[in-house]
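Heads up: the structure comes next, in structure tokens.
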Amino acid sequence: MSVLVYVEHAEGNFKKSALEIVSYSKAIADQLKTNLIALAIGNVSDENLTALGKYGAEKVLNVSDKKLDNFVNEAYSFVIADTAKQEAANVIVLSNTFSGKGLAPRLAVKLKADFVSGAIELPDIQNEKFVVKKTTFSGKAFAYVELLSSIKLITLTINSYQLIESAVSSKIVKISPEFRDSDFRATVKQVVRSNDKTPLPEAELVVSGGRGLKGPENWHLIEDLADALGAATACSKPVSDADWRPHEEHVGQTGISISPNLYIAIGISGAIQHLAGVSSSKTIVVINKDPEAPFFKAADYGIVGDAFEVVPKLIESIKEFKAQK
Amino acid sequence: MKVLVCVSNVPDTTTKVTFTNDNMEFNTAGVQFIINPYDEIALARAIELTEGGKGTVTIVNVGKADTEPTIRKALAIGADDAVRIDATPSDAYFVSYNIAEYARDKNFDLILTGRESIDYNGAQVAAMVGEFLDIPSFSIIKKVEFDGSIATVDREVEGGKEIINVSTPFVAGCAEGVAAARIPNMRGIMSARTKRLEVIAALESGQSTRIIKYEVPPQRSTVKIIPADEVGKLVELLHSEAKVI
Ligand SMILES: Cc1cc2nc3c(=O)[nH]c(=O)nc-3n(C[C@H](O)[C@H](O)[C@H](O)COP(=O)(O)OP(=O)(O)OC[C@H]3O[C@@H](n4cnc5c(N)ncnc54)[C@H](O)[C@@H]3O)c2cc1C
Ligand SMILES: Cc1cc2nc3c(=O)[nH]c(=O)nc-3n(C[C@H](O)[C@H](O)[C@H](O)COP(=O)(O)OP(=O)(O)OC[C@H]3O[C@@H](n4cnc5c(N)ncnc54)[C@H](O)[C@@H]3O)c2cc1C
């Protein structure tokens, strides 16, 4: 028995979301009174691998093979499934990131594991039951899902578990599993990075703009506020539909769902489809000139006012605050 | 080119979600059902790739008879025929297994799904179908183009995208950017009535998760309104009260 956590990295560095799932998996391993094993695929320094021990990984497995330089769902899921079998893992945890979404369903089939995607809390493990809470109806509800199979698979929503240090000394083991040629039918031709900023789903602070901003020429307000805070930027659907902003920034029921610590909505009315994607944000600030805008009902803090006057003042105020610190 | 498009029947995006039967069942009373919005994108792309005699589009849905209006709408938009696998879609594994077993001997060149359903939000079906059939899968794509049987696919990854070459067959979950959703015209609606909609029995998948309870998120406490000329106060509250900056 063991808990296996697959940790993603970017050019050898673990992101916060990776450390979150190590902390989360450690808590599951403790509940099940078993060991936590972490698996990283690709080139990661021993120093970084060892650092996973800080969050509770007793054993850190690393596969480094030229064939795996590019991310291929089929091959990666084969390696993870193989490792899960070798280590007799009965709980397997991945991040609910784009790559996690590509890998985990294939793993569920390979391992005949019951699978919950987008968990937001630790599983409730009692009286032989294993129940996981996840968001459903695009943020409008939660579901408690019981997993019945002997092997259980979970992907954890980003930003839904805190980092918990539980220093153990970790041992690094390099492994070299077999590959199947048929798993390399897809070839990555090019990787396009959109920018150096934190990707929106992982961002802890998000500044978002809606149709109230009137046009793309006014987006410096959103960007400057985001820069002052160190936040990512987002938008409502009509804004990306009109090509004022790229589609990747569109949040909501038909865009991406986010759960940052702070979501600032500027000139967004708060339609039900928009709220669905952002309602699990920890703190919501709404700036809108209409006191009747529905978004105020879903907000923690609100400013009724013209964005073109309020936002520049807010930027100054944030800068002053940062300067004092 | 033979394309299979997986279509899920979901509550309209304006639905106020409530539950019945001691919070164990979604309350469908008064709820309008639609084609999952991402599946409309998948369908639109499938039609673009096949129209003008270049191929056929088949719709597959795992559902009971109540999903037929949604299937008919997909036919009205332009699919050629449809299959309903007659069962309550009890979980993604069951749904994917049944779609894969249906598709196994039909020689589809391409299987398109939406990136996720807007009701259960699993984002599981595309990759599970791929694994059951042992073919490549791409869970979230922004573009798919063909040069003969070789496709170029733009897959979404953290902070960017990857441009991938792959030969058919494969499965892809469509997101915005792949195509613009289409609305049915009068001719489409008329012809949809006579297009073939086959109903087949479902197979046991031998595994399933079970939703034991639903819950509606707690209401946020009432909003604190800060005067527009005192933005400094907001910054102070975000720091000392909300502790987010
Ligand atoms: C199937 C479907 C799916 C959808 N999915 C999504 C989704 O995923 N995400 C999404 O966002 N929407 C979605 N929508 C659209 C949604 O219904 C709303 O139309 C949309 O969210 C409105 O965007 P908005 O708030 O930017 O614009 P509006 O509703 O036009 O609101 C603009 C707001 O700006 C305010 N304003 C105007 N001027 C100023 C100013 N100077 N200063 C401050 N405030 C100002 C106004 O008071 C108003 O409240 C979907 C719709 C459908 C039918
Ligand atoms: C009455 C009822 C009870 C349910 N009980 C449970 C339960 O106990 N446990 C549980 O895990 N789930 C349950 N579900 C959820 C249901 O099983 C999901 O629709 C199914 O799991 C598919 O997963 P998803 O919606 O997460 O799809 P995703 O993987 O998010 O969907 C991606 C794409 O797959 C395709 N797709 C999805 N569903 C279908 C379908 N039915 N037919 C054809 N294509 C489809 C679409 O193209 C969709 O865009 C229940 C649903 C209903 C209606």
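The values are calculated or read from the model by the stated rules, or taken from the named source; none is laboratory data. Everything quoted here is computed from the prediction, not taken from an experiment. FYI the Cβ positions are ideal-geometry reconstructions off the backbone, even for glycines, and counts take in every protein chain you see.
What to note about this one:
- The combined condition, being more than 30 Å from B:Gln219 (Cα to Cα), within 16 Å of ligand 1 (Cβ to nearest atom) and buried (at least 16 other Cβ atoms within 10 Å of the Cβ), is not fulfilled by B:Glu68.
- Among the residues of segment A:212-232, those that are in contact with a Ser or Thr (Cβ under 7 Å, 6 or more places away or on another chain) and either aromatic (Phe, Trp, Tyr) or surrounded by 17 or more Cβ atoms within 10 Å (Cβ to Cβ) (or both) comprise A:Ile222, A:Ala226, A:Ala232.
- One residue from A:Val109, A:Val116 being within 12 Å of another protein chain (Cβ to nearest Cβ), of a type in the set (Val, Ile, Thr), under 16 Å from B:Asn121 (Cα atoms) and crowded, with 24+ Cβ neighbours inside 10 Å: A:Val116
- Take the conditions (1) out of contact with any helix residue (DSSP H, G or I) (no Cβ under 7 Å at 6 or more places or on another chain); (2) assigned to a loop (DSSP other than H, G, I, E, B); (3) within 16 Å of ligand 2 (Cβ to nearest atom); B:Ser208 misses just one of them, which is (1).
- The residues listed here are B:Thr20, B:Thr14, B:Thr28; of these, the one that is polar (S, T, N, Q), closer than 25 Å to A:Phe142 by Cβ, out of contact with any Phe, Trp or Tyr (no Cβ under 7 Å at 6 or more places or on another chain) and modelled with pLDDT under 95 is B:Thr14.
- Residue within segment A:302-318 that is out of contact with any Phe, Trp or Tyr (no Cβ under 6 Å at 6 or more places or on another chain), farther than 22 Å from B:Gly114 by Cβ, surrounded by 16 or more Cβ atoms within 10 Å (Cβ to Cβ) and aromatic (Phe, Trp, Tyr) present: no
- Here is the figure for segment B:1-59: residues that are within 11 Å of another protein chain (Cβ to nearest Cβ), of a type in the set (Val, Ile, Thr) and more than 20 Å from the chain's Cα centre (by Cα) total 1.
- Filter result for B:Ile85 (buried (at least 21 other Cβ atoms within 10 Å of the Cβ), within 15 Å of ligand 1 (Cβ to nearest atom) and closer than 22 Å to B:Pro169 by Cβ): no
- Failed item in (1) outside any strand (DSSP E or B); (2) in contact (Cβ under 8 Å) with a residue 40 or more places away in the chain; (3) within 20 Å of B:Gln207 (Cβ to Cβ), with A:Ser138 passing the rest: (3)
- Filter result for A:Phe308 (more than 7 Å from chain B (Cβ to nearest Cβ), within 11 Å of ligand 1 (Cβ to nearest atom) and closer than 19 Å to A:Ser240 by Cβ): no
- Residue ranges of strands (runs of 3 or more DSSP E) in segment B:112-202 with at least 2 members more than 28 Å from B:Phe94 (Cα to Cα) and away from ligand 1 (no atom under 16 Å from the Cβ): B:137-147, B:150-157, B:160-167
- Identity of the residue in segment B:222-237, facing chain A (nearest Cβ under 7 Å) and in a helix (DSSP H, G or I), that ends up farthest from A:Ala299 (Cα to Cα): B:Gly232
- Of all the numbered requirements in (1) free of Cβ contacts under 8 Å to residues at least 40 places away in the same chain; (2) in contact with a Lys or Arg (Cβ under 8 Å, 6 or more places away or on another chain), B:Glu51 misses one, and that requirement is (2).
- Some residue of segment B:159-167 being buried (at least 16 other Cβ atoms within 10 Å of the Cβ), touching a helix residue (DSSP H, G or I) at 6+ places or on another chain (Cβ under 6 Å) and within 14 Å of chain A (Cβ to nearest Cβ): no
- Index of the failed condition, B:Arg115 passing every other in (1) under 26 Å from A:Lys140 (Cβ atoms); (2) touching a Lys or Arg at 6+ places or on another chain (Cβ under 8 Å); (3) touching a residue at least 60 places away in the same chain (Cβ under 8 Å): (2)
- Residue list for segment A:144-166, filter: assigned to a strand (DSSP E or B) and within 19 Å of the chain's Cα centre (by Cα): A:Leu153, A:Ile154, A:Thr155, A:Leu156
Conditions (1) surrounded by 24 or more Cβ atoms within 10 Å (Cβ to Cβ); (2) in a helix (DSSP H, G or I); (3) among the aromatic types (Phe, Trp, Tyr), marked per residue:
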| site | (1), (2), (3) |
| --- | --- |
| A:Lys67 | no, yes, no |
| A:Asn70 | no, no, no |
| A:Ser77 | yes, yes, no |
| A:Asp82 | no, yes, no |
| A:Lys85 | no, yes, no |
| A:Asn90 | no, no, no |
| A:Leu94 | yes, no, no |
| A:Gly102 | yes, yes, no |
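- Selected residue (criterion: nearest to the other protein chains (Cβ to nearest Cβ)) from residues of segment B:142-157 that are in contact with a strand residue (DSSP E or B) (Cβ under 7 Å, 6 or more places away or on another chain) and farther than 16 Å from A:Arg185 by Cβ: B:Glu156
- When the residues of segment B:88-109 are filtered to those that are of a type in the set (A, V, I, L, M, F, W, C), touching a helix residue (DSSP H, G or I) at 6+ places or on another chain (Cβ under 7 Å) and more than 27 Å from B:Lys54 (Cβ to Cβ), the one that is surrounded by the most Cβ atoms within 10 Å (Cβ to Cβ) is B:Val95.
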